[in-house]
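Derivation of every value follows stated rules applied to the coordinates shown; laboratory data play no part. Source: prediction; values computed, not measured. Cβ: placed from backbone, ideal geometry, glycine included. Neighbour counts: every protein chain shown.
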Amino acid sequence: MRILFIIIFLLFIEDAVFCQSVINGVVKNTRGKPVFAANIFSQSAPENGVTTDFDGKFSLDIGNSNDTLVVSFIGYETKKILLSSIDKLKELTVVLRGTDLTLEEIIITTKDPISEQFSVVRMEKMDIYFNPMAQGDPLKAITALPASTTVDETANPSLRGSSPDRSRVMLNGVPIYNPVRSSQLNNQGFFSLFNPEMIDKQYVYASNPPLTYGNTSAGLVEIQTLKNLMGNQLQLSASLASTGFMLSQNIKKNISFVQAYGNYQFSDAFVGIQKEKLPYVNNFYTKDAGINFHQRLGKKVDLNSYNYFIDEQFDGYGEQFTFKGKNATNSRRFFTVNNLRLYSKRAVFSLNIGADNASQHFRFGNINSRQKRRQLFTSMSYEREIWERLNLHLGISHDFRRNSFRDDQPLYYYALSPDSPSQFSGTSTSNHLLEGFWYAKWDINDKWLLSSGMRKNLPVKNQKDYLSCQLSLRYQENQKHTFLLSGGRYHSYSQPSYYTKTYRPLFSHQVALDYSYELEGTKVKAAIYFKDETGEQPVNINFSTDRLTTFGLEFFCEHSIQKHLSFFISNALIDQKIKIGKESYHGPKDLNYLIKAALKYNNPDLFSMSLIYNKRPGTYYTEVAGATLDNQSGFYRPMFSVDLFNEQYGSYGRLDIGVSKYMSLGKNALIAFASLNNVFNTRNERTAQYNQNYSIKHFDYYQLRTVYIGLIWQLNY
């Protein structure tokens, strides 16, 4: 026993002596956020350095106590610390201060959009990774916001009660229509087309989007790719449903870099082990690849090119009216976004060019639809600092889109079996959107900030003449409290679809008051808003509406309980009404509560874990009151209730759990993750279905309980 005690004691002493030659620490910025992939090394042996993990943590072996510790990261001042001044028994906290990147005498006044101060939320890459509801996806990260009213488990951004078709997603100044992919894994909904590794910043304008961008009458998501590469990295990933790689490589440091990635997604294992939980999924296969190239062409010129390709296939089962059968989708898409920036001492000229080419083939019953989409977008803008506190942004844009449909459609909309009669329809539609704008920001003083903008279309063919305008006023009493009052009138065009093959003009009037508070690990946000949206929109197969009014209240709180534990909770109340003629009905986002909550535990030495909970009432739908037999089609024709939206689905509730472990292996790192979605296997009603004569009603459901696991290997070099 005494010998065992001596051995344990000696091992403890050895471990204690060893630990004294190791420095454990964390790197943060002045806002208290962790700095990921910062370089940590001793001045005499920089080749033996390490990089910080997602939480800004690092552990470095030190051989010479008379050496100097160096901490560096692009965009921050390099910090040097004498090792003799460091207490190795305590965790070292290093705070890096930001520094403006200047090109000799050039002063870049518009690195971020001048409308940034009026965005409700600004997200960076690490905000996406740390968001438990994001699942690593930039657009799904938005669903955690109280302003997000996405209720169908997709990544399509619905903001403050508006339909996704009214909001826009912009990538480096170019609109990306249909920004989601159709693969269904880990969360039976859609993920976006964007890789968070390429994202520098993401701005979310929940309402009153800046008129530097057009064709939006609800909200806006603005995504910017990286302008500087923090370091070289190779990343390999494998999961229950995918394999992939990501390469980030400096070609010439601070001058040019390239990022490339590719993924192959497959359903064999994911669906195979939980087929009963995915009754509407047979199989899916997806191949996608992206490349981002950035080049500084001199002291005053920057070039960036982002290119993306995806090839998807999905086979499953669908149910509509009284027919249930197989459906299949095949789609291909390629888009490119190219940006040229010319800088002067007080101004920036930008040229943005984007092209998008997509095709899709969908089959279900007697529906056989082939679609092609083409887009060419060009914009030029000029941003200038007029005076020290006044910035002006002028520009013009042209957005050309063309949609072609070649469809076999049911002759009777309620008769969808493969042997039911159908008819061919060939339609092509296009839209030229030519607009000019100005946008100004005035720093009245240290507390008040005023913004104003206008956007005017130049009508092409039979387009209506319109003028969009807005005004925003921000008051910041101190670093803790901020108030934002904004309002405006906005215009956009709907996107053609299988059901509505035209570009329909949409309009809206909006006013909103936002409040935010931030202090020492606590964030509070609240908002009150009103929207009046017009423009014909389909409600169901028989009805359309010309007006939707929305009044909403939002609240959000995030708080750090202790070093590794934090939580957030949000709630929204939305009073939404559809106007059809003189009658008012429940709107699609008429919700008297919309609760989102998460408990997060992040400890790099152990593991990270997130519990996510969503709760809301069911949405409204119009009941089928009866049916009559149609002798020509052989199907019963549904008769909808004249009292629209008279029924409500059951309340929606879902709990998800995610666990991950980050393991540092010198310059390498291994990340293991697992998630259990819809832990209690709750049957959340999605749509109402009926038997052959509509006498019996049943429901299909959102995602049931599923499990997902994976590994990511990183090499930093």
HN-Hα couplings for segment 579-584 via Karplus (6.51, -1.76, 1.60; θ = phi - 60°), in whole Hz with x for Gly/Pro, come out as 10, 10, x, 9, 9, 10
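Provide the net charge surrounding S566, with neighbours chosen by a C-beta distance below 11 Å and charges set as Lys +1, Arg +1, Asp -1, Glu -1.
+2
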Per-residue HN-Hα couplings for segment 286-302 [Karplus 6.51, -1.76, 1.60; θ = phi - 60°; Hz; x = Gly/Pro]:
9, 10, 9, 8, x, 9, 10, 10, 10, 9, 8, 8, x, 6, 10, 9, 10
Normalised per residue, the volume inside the convex hull of the alpha-carbon atoms of segment 630-704 in Å³ amounts to 165
222 nm mean residue ellipticity, helices alone, for the chain (DSSP H n ≥ 4; -39,500 (n - 2.57); rounded to 500)
-1000 deg cm²/dmol
Do any trypsin sites (Lys or Arg not before Pro) in segment 616-668 lie in a loop, going by DSSP, with at most 16 other beta-carbon atoms within 10 Å of their beta carbon, and if so which?
K667
Compute the relative contact order of segment 116-716 as a whole-number percentage, counting only Cα pairs closer than 8 Å that sit 6 or more residues apart in sequence.
10
Here the gain from full extension of R374 to N283, 0.36 nm per residue of separation minus their alpha-carbon distance, amounts to 29.9 nm
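Report the local net charge at D465: Lys and Arg +1, Asp and Glu -1, summed over other residues whose C-beta lies under 15 Å from its C-beta.
Working: positive: R455, K456, K461, K464, R489; negative: E435.
Around D465, the surrounding residues sum to +4.
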Net charge near S217: determine it from the other residues with C-beta under 10 Å of the C-beta of S217, scoring Lys and Arg +1 and Asp and Glu -1.
+2
Sparsely packed GluC sites (Glu not before Pro) within segment 541-595, loop by DSSP, other Cβ within 10 Å at most 11:
none
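Note the full-extension length gain between L485 and D532 as 0.36 nm times their separation in residues minus their Cα-Cα distance, in nm to one decimal.
On the way: separation 47, 0.36 × 47 = 16.92 nm, distance 1.70 nm.
In short, 15.2 nm is gained.
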Residues whose placed amide H lies under 5 Å from that of L594, excluding near-sequence neighbours:
A572
Under the Karplus relation 6.51 cos²θ - 1.76 cosθ + 1.60, θ = phi - 60°, what is the ordered set of whole-Hz ³J(HN,Hα) values for segment 451-468, x standing for Gly and Pro?
9, 8, x, 9, 9, 10, 8, 10, x, 10, 6, 9, 5, 7, 7, 8, 9, 9
Quick one: which residues, 5 or more positions from S651 or on another chain, have an amide H under 5 Å from its amide H? H modelled 1.01 Å from N in the peptide plane, none for Pro or chain starts.
G618
Note down the nm distance, to one decimal, between modelled labels 7 Å out along Cα→Cβ at S695 and at K80.
8.9
Zone reached by a paramagnetic label modelled 7 Å from N228 Cα along Cα→Cβ, restricted to segment 284-322 with backbone N below 14 Å, covers 296
By how many degrees, between 0 and 90 and to the nearest 10, does the Cα long axis of helix 2-19 differ from the longest principal axis of the chain?
80
Row for segment 152-311, column shape: gyration tensor on C-alpha, a ≥ b ≥ c, rounded if a/c < 1.5 i.e. under 1.5, prolate if a/b over b/c, else oblate; value oblate
Under the 7 Å Cα-to-Cβ spin-label approximation, E124 and S641 lie apart by a distance in nanometres of 5.1
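Hey, got the dipole for the chain? About the Cα centre, +1 on K and R Cβ, -1 on D and E Cβ, debye to the nearest 20? Intermediate results must be reported in sequence, preceding the final value.
Details: 77 positive and 65 negative charges, 193 e Å.
I would put it at about 920 debye.
Given 0.36 nm per residue, what is the gain on full extension from T427 to L606 after removing their alpha carbon distance, in nm?
Working: separation 179, 0.36 × 179 = 64.44 nm, distance 5.82 nm.
Here the answer is 58.6 nm.
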Exactly which trypsin sites (Lys or Arg not before Pro) in segment 263-314 are in a DSSP loop and have at most 11 other Cβ atoms within 10 Å?
K299
